[in-house]
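Only the coordinates and a few stated rules stand behind these numbers; no lab work does. Because the structure is a prediction, the values reported are computed rather than measured. Don't worry about glycine lacking a Cβ; one is built from the backbone with ideal geometry, like all the others, and counts go over all protein chains shown.
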Amino acid sequence: MRNNIDFSPLFGSSIGFDRVFDLLDRTNNLQSNDSWPSYNIEKTGDDSYRIVMALAGFSPDQLSLSYEPNQLIVSGETQPEEGGEYLYKGLSRKTFQRRFELSDYVKVTEARMENGLLTIELVRELPEAMKARRIQVKDLSETTAKPMQIEGQQAA
């Protein structure tokens, strides 16, 4: 069962959220059977995240990570296995591509492969202009108005 949600009523009262609506629409159209390879997404700090993917049998040279605007693409490519007769084949070593939608200002800081796990470290770095800041409010009622003096000579 598929539910299509109409976001058009929100367009009249929201500005700059087009990307969010597109993301929700794409998420609504995803197929639920795309569950390989297994992965975790962890929040490791206020502005840091980690993706851990189980990629047993893959070597770092068979993996490719690329960044497009607001999207991380992890893909792996294997060669077909030669020979061998399997009584049971439960290990999947198929070619894959996994896409992760990233928020604005999120970037990859490190990717490493260890013991069959690909670990990708991410951090959100807001520009200084985007960070919250305190604005001082001046109290003009406390300042005493000084009489203005007109330039020139004083009368005697």
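How large are Rg and Dmax for region 47-123 when calculated on the C-alpha trace, in angstrom?
So, for region 47-123, Rg and Dmax equal 14.7, 49 Å respectively.
Hey, if you put +1 on the Cβ of every Lys and Arg and -1 on every Asp and Glu Cβ in region 22-133, which of Y88, Y39, L55 ends up farthest toward the positive end of that dipole?
Result: Y39, furthest along the dipole toward the positive end.
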